[in-house]
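Since the structure comes first, as structure tokens, the remarks are kept for the end.
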Amino acid sequence: MNRVASIVGVVGAGLAVGGFIAYSVAPDKLWLVTLCEGLALACLIIFGVAHFQQIKTFSARRSTRLGFHSALTVLLCVGILVIVNFLSARHSKRWDLSETQHFTLAPQTHRVLRGLARNVKITVFSQERSPAFATYRDLLDSYRAENTKITVEFVDPERRPGVARQYGITRADTAVLESGTQTIRVMTASEAELTGALVRVSKDSKKRILFLEGHGERGIADQERGGLSTAKEALTKQGYEVGTLSLLQESAVPADASVLAVAGPRRPVTREEKERISRYVTEGGRLLLLLDPESQADLDDVLKQWGLEPGKGVLVDLQDRLAQGDLTALMVRTFTEHEITQDFTFAVLFPFSRHLVFHEDTAKDWDYIPLARTSSRSWAETNLKGRVVSFNAQEDVQGPLPLAAALTPKKAPEEGKRRPAIVVVGNSAFASNAYVNFPGNTDFLLHALGWLAEERELISITPKEPAFRPFIPNPAQERTLLYVQVLLLPAVTFFWGMAIWRRRRRL
């Protein structure tokens with residue numbers, strides 16, 4: 001009888017193991033798993049009843065009790081570790097101790113993730129030995145910890161070529177974001193690219209930014225130093241649809257235009273075009289106007305209705321300017337507290353700019369906020385030719401002077417209508433291919449357009465590079481460093497050494 005019961009016990013143990021294997025191989029066949037585990041339980045009960053006396057005698061031994069206590073202690077320790085790991089996985093906390101906070105998400109990304117209302121699937125096609133794999137993994141782990149609607153899958157295109165062919169992957173280290181009917185690909189493992197793609201894929205429509213053309217403006221297709229192709233690429237990555245508009249051919253600004261940008265016109269704008277621009281703003285449009293000094297666009301009458309006047313001359317700054325650069329290469333560091341200029345950490349380079357004048361008496365219905373100003377050691381130079389640049393109280397305008405401003409109407413719009421908004425900058429070169437990649441320039445452009453388009457979550461996310469922050473001194477700081485490093489420190493070292501030498505000789 002005991003022999004038969006032993007065989008039944010062995011069979012029961014085999015059925016229990018078989019049930020686990022069946023569940024791991026075919027989890028959909030629950031009937032087979034249930035049958036195996038049920039039979040295993042019955043066999044083990046029969047074995048226990050048949051060997052009850054032996055089990056009772058064995059459990060009464062001192063060695064058995066000690067062994068049971070040891071096993072129970074081990075199980076309790078394992079259980080505690082399992083619970084701690086479960087809690088840490090559900091309520092994870094990360095500390096970023098890197099100097100540049102390289103592993104901390106930007107505030108813009110946190111805003112996007114908190115506002116994400118749709119499920120997004122991210123499939124990353126990369127190999128573990130690729131440097132981009134670790135970057136994708138760290139970033140997406142942070143994304144998933146912030147919002148559980150994001151699911152991530154890593155696919156090795158060499159081990160699973162069928163999946164790569166299904167997605168049409170032809171390049172390694174590519175991430176595919178899917179949400180609803182939208183599909184967007186990211187080729188670079190960076191927070192800016194992933195967050196921008198996340199915004200675009202979670203929306204069914206895109207905001208349109210139209211650049212006016214026909215008057216010598218900077219072109220968004222122009223890849224030369226003076227063009228805006230780099231700015232267009234940055235805007236596209238941020239989720240905007242960028243195009244051009246000719247008001248000589250169109251009778252009005254399209255109704256679906258989120259922002260109309262006029263970037264550095266050099267030839268006169270016709271009266272009909274100016275009327276169409278004014279009507280667009282009056283009806284709730286958003287306008288970005290970049291006006292260079294000596295522009296022939298003749299937009300003074302348009303600006304006058306908003307209380308603005310483009311200042312005469314070219315801005316010169318002895319303090320906030322590019323070291324070893326021209327006096328007109330302004331490094332603007334003074335910003336007014338505004339949604340556009342919040343979180344600014346870099347100066348903005350404005351080469352060859354003009355200032356703005358606001359007449360409050362003629363624009364009582366508009367709120368005027370100067371966004372950026374020159375220093376107190378600046379002025380508007382009205383004559384750059386024929387003499388050494390110096391301040392002339394009779395001809396020039398003393399600083400500090402605003403060169404960028406935002407305007408919004410004081411009166412709230414009617415229900416269901418957009419609120420007009422205008423951003424005017426006395427310079428267009430800062431957005432050109434030659435300068436837009438300068439620290440601060442891209443941020444200023446994208447912040448301004450994000451505010452105008454009423455999509456603040458699409459503002460720029462500055463890439464976090466290793467800890468290298470170049471110090472760009474202004475001329476005064478440059479002279480101070482020269483005196484301290486070249487004259488003061490060597491002189492102090494010399495006289496200190498001479499004093500020590502003389503004291504030792506007296507001993």
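Bear in mind these aren't lab numbers, they're just calculated from the coordinates by the rules spelled out. This is a predicted model, so every value here is computed, not measured. All Cβ positions, glycine included, derive from the backbone under ideal geometry; neighbour counts span all protein chains shown.
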Return, ordered by residue number, the residues of region 413-457 whose backbone nitrogen is under 16 Å from a label point located 7 Å along Cα→Cβ of E283. 414, 416-421
Please give the FRET efficiency for S70 paired with E128, using the beta carbon to beta carbon distance and R0 = 30 Å, rounded to the nearest 0.05. 0.15
Determine the gain in length on full extension of the stretch V492-K149; use 0.36 nm per residue of separation and subtract their C-alpha separation, reporting nm with one decimal. 117.2 nm
Can you match Cα Rg over 2.2 N^0.38 Å to one of these, [x] 1.08; [y] 1.48; [z] 1.36, based on a calculation from the structure here? [y]
Can you check what the net charge comes to around S295, using other residues whose Cβ is under 13 Å from the Cβ of S295 (Lys, Arg +1; Asp, Glu -1)? 0
What helices does the chain hold that run 20 Å or longer along their axis, going by alpha-carbon atoms, with a Kyte-Doolittle average of 0.0 or more, using DSSP H for the helix calls? 2-25, 30-50, 62-90
Calculated from DSSP helices alone, with each H run of at least 4 adding -39500 (n - 2.57) and the total divided by the residues of the chain, [θ]222 nm to the nearest 500 comes to -12000 deg cm²/dmol
Over what distance in Å are the Cα centres of region 315-344 and region 290-313 separated? 21
At what distance in angstrom do the alpha carbon centres of region 205-268 and region 1-29 lie from each other? 72
Take the residue pairs K232/K304; K207/K232; K304/K411; K206/K417; K206/K410 and return only those whose Cα atoms are more than 22 Å apart. K232/K304; K206/K410
Taking the chain and dividing mean pair separation by its residue count, relative contact order in percent (alpha carbons under 8 Å, at least six apart): 12
